[in-house]
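Comments concern the structure below.
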Amino acid sequence: MTNESTREQGRTEQQLRDDLAQKLIEFGAARSPGVVTAFRNVRRHLATPEVDMARTYDAEFAAITKTDEHGVDISSVSAPRVQAMQMEQADLAPGMTVLEIGSGGPNAANLAEVVGENGHVVTVDIDPEVTDRATRFLKATGYQNVTVLTADAEHGAPEHAPFDRIIVTVQAADIPPEWTAQLKDGGRLVVPLRMRGLTRTVALVRDGDRLVSDGVELCGFVPMQGLGENRVRLAVLHDVEGEEVGLRLDGHPEPDTDALAKALITPPNKAWSGVTLGGSESNEHLDMWLTTELDNLPLLAAKPGARQRGLVASASPLGIPTLVDGDSFAYRTVRATDEDDRYELGAIGHGPHGQQLAERLVEEIRTWDRDHRGDRAHIEVYPAGTPDDRLPADGRRIERRHSRVTITWP
Ligand SMILES: C[S@@+](CC[C@H](N)C(=O)[O-])C[C@H]1O[C@@H](n2cnc3c(N)ncnc32)[C@H](O)[C@@H]1O
């Protein structure tokens with residue numbers, strides 16, 4: 001390559017990084033100078049040479065690097081927007097020691113940029129192919145203050161503890177005691193925590209043996225492998241290829257799938273709330289409210305074909321909260337209003353009690369609108385075995401092997 005074309009490529013690369021940093025600022029994902037600078041500096045495209053360079057600098061693009069035998073994505077380089085959001089949640093500073101759980105390379109480099117020469121990043125992945133790739137990337141890009149480990153992160157990284165920050169970049173259903181123990185008191189654990197099917201990246205501050213939330217963001221992450229593996233289970237209601245409909249169960253009661261499959265093909269019963277959302281407003285906090293309040297609310301997962309066939313009115317990759325009771329169910333939906341780009345929230349029920357369930361869901365949507373719109377869920381994590389009287393008295397309790405997670409609202 002001539003010097004001229006090398007210089008040209010360098011300019012293009014820098015332009016892509018500057019544009020990405022600008023986008024992250026506009027999205028509100030990158031707010032602090034350290035995080036913005038990291039995205040301006042890290043040559044992230046070198047981690048995935050098989051991907052078109054420009055795509056790797058797209059704020060929303062996650063490069064999938066591994067898929068399992070069932071077609072489930074199990075490794076990726078996360079999208080820049082998600083990486084920036086978690087970095088801001090972590091409230092990083094120069095000189096810190098940070099553990100990243102789930103490697104890829106670019107995010108460890110981002111963290112290394114922020115903690116600087118006097119800081120240290122430890123990144124751990126269960127998969128040697130991933131750590132090989134990350135090691136090669138970090139060498140090529142010259143980050144020396146990063147240690148790459150191949151291990152199941154269920155036990156953290158005891159030989160490098162204590163940490164100022166732990167950032168988990170893989171979906172976790174539970175918080176192993178080692179993560180809390182290896183975090184300094186007052187330190188932050190940022191984790192995509194799955195709570196009754198809903199995954200949110202939660203910033204948790206250590207306070208003795210408990211963790212207390214300070215920020216909750218919507219996200220999607222690949223599932224945990226190894227000792228902490230705990231996947232949602234799908235109860236299938238309709239099994240035609242491309243039109244599959246099912247309920248994702250995460251500690252919910254076993255549903256009567258035969259009865260619910262029959263209910264799915266009966267005419268829908270609709271109920272409308274009068275509560276509206278702007279087109280860019282998210283359902284994420286409403287869904288957390290519904291999952292806090294309603295006992296049996298798994299998520300409806302439907303392939304786009306199911307929607308095209310008219311089996312369901314809504315489909316979302318994240319799943320839709322669905323109230324289930326015996327032979328009937330009702331899920332949250334929206335319809336257009338007369339106002340441009342505003343949608344009314346409602347529910348669609350199926351089965352003998354579908355109308356009643358749709359009305360129950362709508363009642364809860366109205367309560368959220370009246371009492372909690374603008375509020376954020378408060379999450380606390382206690383070790384399993386903590387007595388009830390130490391937990392918040394109201395709200396939702398989620399019991400996991402290692403922890404008791406509570407969700408409450410102001
Ligand atoms: C989304 S990727 C990490 C992306 C990376 N942080 C980045 O953007 O640069 C999640 C990773 O978690 C890893 N993982 C899954 N279970 C794990 C476990 N128990 N311990 C360590 N790593 C695990 C997977 O192998 C996968 O590579």
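Does Leu297 fit the bill of being in a loop (DSSP other than H, G, I, E, B) and within 13 Å of Ala358 (Cα to Cα)?
Answer is yes for this residue.
Please determine, by comparing only the residues of region 145-155 that are within 10 Å of the ligand (Cβ to nearest atom) and not in a strand (DSSP E or B), which one is surrounded by the fewest Cβ atoms within 10 Å (Cβ to Cβ). Checked region 145-155; the qualifying residue surrounded by the fewest Cβ atoms within 10 Å (Cβ to Cβ) is Ala151. Condition check for Ser78 on (1) small (Gly, Ala, Ser); (2) free of Cβ contacts under 8 Å to residues at least 60 places away in the same chain; (3) out of contact with any strand residue (DSSP E or B) (no Cβ under 8 Å at 6 or more places or on another chain): one failure, at (2). Somewhere in region 181-194, is a residue assigned to a helix (DSSP H, G or I), away from the ligand (no atom under 16 Å from the Cβ) and open to solvent by 20 Å² or more (accessible area, probe 1.4 Å)? Yes, because at least one residue in region 181-194 is assigned to a helix (DSSP H, G or I), away from the ligand (no atom under 16 Å from the Cβ) and open to solvent by 20 Å² or more (accessible area, probe 1.4 Å).
Among the residues of region 161-179, how many are away from the ligand (no atom under 14 Å from the Cβ), within 21 Å of Val115 (Cα to Cα) and not in a strand (DSSP E or B)? Of the residues in that region, 2 qualify. Considered as a group, the residues in region 308-331 that are of a type in the set (Gly, Ala, Ser) and modelled with pLDDT of 95 or more include one that is farthest from Asn283 (Cα to Cα), and that residue is Gly326.
In region 121-144, the residues that are assigned to a loop (DSSP other than H, G, I, E, B) form Cβ pairs under 8 Å with partners that are among the small types (Gly, Ala, Ser) and modelled with pLDDT of 95 or more, at six or more places apart or across chains, as follows: Ile126/Ala151; Ile126/Ala153; Ile126/Gly226; Tyr143/Ala108; Tyr143/Ala109; Tyr143/Ala112. Within region 210-242, restricting attention to residues that are of a type in the set (D, E, K, R) and within 16 Å of the ligand (Cβ to nearest atom), the residue that is farthest from the chain's Cα centre (by Cα) is Glu229.
Each row is one residue, and each column tells you yes or no for (1) touching a strand residue (DSSP E or B) at 6+ places or on another chain (Cβ under 7 Å); (2) small (Gly, Ala, Ser); (3) open to solvent by 50 Å² or more (accessible area, probe 1.4 Å).
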site: Val212; (1), (2), (3): yes, no, no
site: Leu218; (1), (2), (3): yes, no, yes
site: Phe221; (1), (2), (3): yes, no, no
site: Leu234; (1), (2), (3): yes, no, yes
site: Glu243; (1), (2), (3): no, no, no
site: Arg248; (1), (2), (3): yes, no, yes
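Picking from residues in region 40-53 that are of a type in the set (A, V, I, L, M) and out of contact with any strand residue (DSSP E or B) (no Cβ under 7 Å at 6 or more places or on another chain), the one that is surrounded by the fewest Cβ atoms within 10 Å (Cβ to Cβ) is Met53.
Matching residues to (1) within 18 Å of Trp272 (Cα to Cα); (2) surrounded by 23 or more Cβ atoms within 10 Å (Cβ to Cβ):
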site: Gln308; (1), (2): no, no
site: Pro317; (1), (2): no, no
site: Asp325; (1), (2): no, no
site: Arg332; (1), (2): yes, yes
site: Glu339; (1), (2): yes, no
site: Gly354; (1), (2): yes, yes
site: Glu359; (1), (2): yes, no
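Within the set Pro321, Pro383, the sole residue that is in the same structural domain as Met288 (by TED's automatic domain parsing) and over 16 Å from Leu277 (Cα atoms) turns out to be Pro321. Annotation note: of Gly10, Gly95, Gly34, the sole residue that is farther than 28 Å from Arg231 by Cα and touching a residue at least 60 places away in the same chain (Cβ under 8 Å) is Gly34.
The values are calculated or read from the model by the stated rules, or taken from the named source; none is laboratory data. None of these values were measured; they are calculated from a predicted model. Note that we place each Cβ from the backbone using ideal geometry, even for glycine, and neighbour counts take in every protein chain shown. These area figures cover heavy atoms from the full protein model, side chains too; ligands, DNA and RNA do not enter into them. Shrake-Rupley method; radii C 1.70, N 1.55, O 1.52, S 1.80 Å.
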